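Visitor: Mind having a look at this structure? Questions to follow.
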Amino acid sequence: MSDHSKIEWTSATWNIVTGCTRVSAGCDHCYIERTPPFRIAGRRFDGDGPGSTTGVVLHPDRLELPLRWRKPRRIFVNSLSDAFHKDVPAEFIALMFAVMAATPQHTYQLLTKRPGRMRSLVGRADFETRVRDMYATTLNIVNPRHLPFPSWPLPNAWLGVSVENQTAADLRIPLLLSTPAAVRFLSCEPLLGLVDLDRDWLFGEPIGRCTCGVPEDMAMYGHEDGCDFATRGERVDWVIAGGESGPGARPVHPDWLRSLRDQCSQAGVAYFLKQWGEWVPESMLLHKPTAAAAFLGEHGFRPLVNGKPIQPPMARGNDVTIRRVGRKTAGRLLDGRTHDEFPAAVAP
């Protein structure tokens, strides 16, 4: 937990819950057990793969922390856990939302791999009522300015899901889009494969039927003003992308990052490239002669020993040659520039 964060897309972290359980491939090299709070406490995952856990601990003493931060911040909620983990009681989650309601100067970023539970809570009228009641009556929440409860969904709460591959996208994005939220975002990190963000996820699924006679193959862009088909539903507002860092980091292919960038550009959706991670294309010329090398492409990740892959096919073919240079050296440039876009909707 920190008033300042090194995470590029946020400015502070608020860890009122710590510890998690692995649920998918994106969790395989989870960073939380390498952080100082976990290392000092000796907390580690009790195994490998989905189902392994560090245990979940609630920290109610930290609930009021954002109330002391007067300067507006973007706050990553539970960077060391998942707010919608099954072991986090609904009452505690409601309290968290009440604090967010009481601090409209901040923007809260909630990221989950459990969008089913998120939708089942945030989308229910009785959950909103519970948050309103806690906002008005809970002794631990002090609202010295006596601000009225804001609109619902909270305008300063951004909800997001982790998307490491197409399987995760297909499972999690529809649940995110059916959850009430002021801003919806994706964290495609660690990006482990090419992800096609179905056009309706970025453009918004059409609500009506075409009434202007535009051919189907032009329908994405060409409907006339007033056409019923041009009315679109909920969509993703922001996409964060990045490779993996740390021990055993898996590389990201440049085409996977470019694909997300281009899809977002076409749809007018904000795109943020957080990092390459440990590996970069050899063509970026950031490596030392002794840097570990590998081929990455349609045949997967193939480390090179003495310039040759350790498994067939032995020729590079269309694969990209990559080098391990470390996260700091790898940086954040894609095709010569950074991508630091944020969604237009922000907290007051």
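Rule-based calculations on the coordinates, nothing more; no lab input. Predicted, not measured: the structure shown is a model, and the values here were computed from it. Here Cβ is always computed from backbone atoms with ideal geometry, including for glycine, and neighbour counts include all displayed protein chains.
Visitor: Cut-off is 10 Å between beta-carbons; in what order do 256, 158 appear when sorted fewest neighbours first?
Guide: Working: 256 20, 158 27.
Starting with the residue having the fewest Cβ neighbours, the order is 256, 158.
Visitor: Identify all aspartates and glutamates with a Cα-Cα distance to residue 274 below 15 Å; exclude those on the same chain that are fewer than 8 residues away in sequence.
Guide: Residue 274 reaches 8, 164, 189, 244, 335, 340, 341.
Visitor: Here are several values of Rg/Rh (Cα atoms, Kirkwood Rh): (1) 0.94; (2) 1.11; (3) 1.00. Which one was derived from the coordinates shown?
Guide: Recomputing Rg/Rh (Cα atoms, Kirkwood Rh) here picks out (3).
Visitor: A follow-up question, please. Quick one: Karplus J couplings for segment 236-242, per residue in order, coefficients 6.51, -1.76, 1.60, θ = phi - 60°, nearest Hz, x for Gly and Pro?
Guide: So the J values, rounded to whole Hz, are 6, 9, 7, 10, 9, 10, x.
Visitor: Still on this model: DSSP beta bridges in the chain, what fraction antiparallel, as a percent rounded to 5?
Guide: Numbers: 20 of 47 bridges.
If I count the DSSP bridges inside the chain, around 45 percent turn out antiparallel.
Visitor: Quick one: which residues, 5+ away or cross-chain, put their amide H under 5 Å from the amide H of residue 294? H built at 1.01 Å from N.
Guide: Residues meeting the amide H criterion: 304, 322.
Visitor: A further question follows. Enumerate the amide H contacts of residue 162 below 5 Å, restricted to partners 5 or more residues apart or on another chain; note that Pro and chain-start residues carry no placed amide H.
Guide: Under 5 Å from the amide H of residue 162 lie the amide H atoms of 112, 113, 187, each far enough along the sequence or on another chain.
Visitor: Using a Gaussian network model of the chain whose springs link C-alpha atoms within less than 10 Å, name the residue from 300, 336, 268 with the highest mean-square fluctuation.
Guide: Sorting by GNM fluctuation, first place goes to 336.
Visitor: How high is the relative contact order of the chain, in percent, counting Cα pairs under 8 Å that sit 6 or more residues apart? Write down the numbers at each step before the final one.
Guide: Details: 689 pairs, mean separation 43.9, N = 348.
Relative contact order of the chain: 13 percent.
Visitor: In whole Hz and in residue order, list the ³J(HN,Hα) couplings for segment 83-97 that follow from phi through the Karplus curve 6.51 cos²θ - 1.76 cosθ + 1.60, θ = phi - 60°; x for Gly and Pro.
Guide: Coupling constants for segment 83-97: 4, 9, 4, 4, 8, 9, x, 4, 4, 5, 5, 4, 4, 4, 5 Hz.
Visitor: Which ³J(HN,Hα) values in Hz, rounded to whole numbers, follow from the phi angles of segment 259-267 under the Karplus curve 6.51 cos²θ - 1.76 cosθ + 1.60, where θ = phi - 60° and Gly and Pro get x?
Guide: 4, 5, 4, 5, 4, 5, 4, 5, 9
Visitor: Say the cut-off is 24 Å between C-alpha atoms; which of 6/86; 113/328; 288/308; 308/328; 86/328 go over it?
Guide: Values: 6/86 28 Å; 113/328 27 Å; 288/308 18 Å; 308/328 27 Å; 86/328 35 Å.
Over 24 Å apart, Cα to Cα: 6/86; 113/328; 308/328; 86/328.
Visitor: Once amide H atoms are built 1.01 Å from N in the peptide plane, which residues 5 or more positions from residue 205, or in another chain, come under 5 Å H to H?
Guide: Under 5 Å from the amide H of residue 205: 233, 234.
Visitor: Let me ask another. Highest first, please rank the peptides 311-320, 73-82, 191-200 by the mean number of other Cβ atoms sitting within 10 Å of their residues.
Guide: Values: 311-320: 12.2, 73-82: 23.3, 191-200: 18.7.
The densest-packed peptide leads the list: 73-82, 191-200, 311-320.
Visitor: Per the helix-only calculation at 222 nm, which mean residue ellipticity applies to the chain, given -39500 (n - 2.57) for every DSSP H run of n ≥ 4 and division by its residues, nearest 500 deg cm²/dmol? Please report the intermediate quantities before stating the final value.
Guide: Working: 9 runs with 79 residues, N = 348.
So the calculated ellipticity at 222 nm is -6500 deg cm²/dmol.
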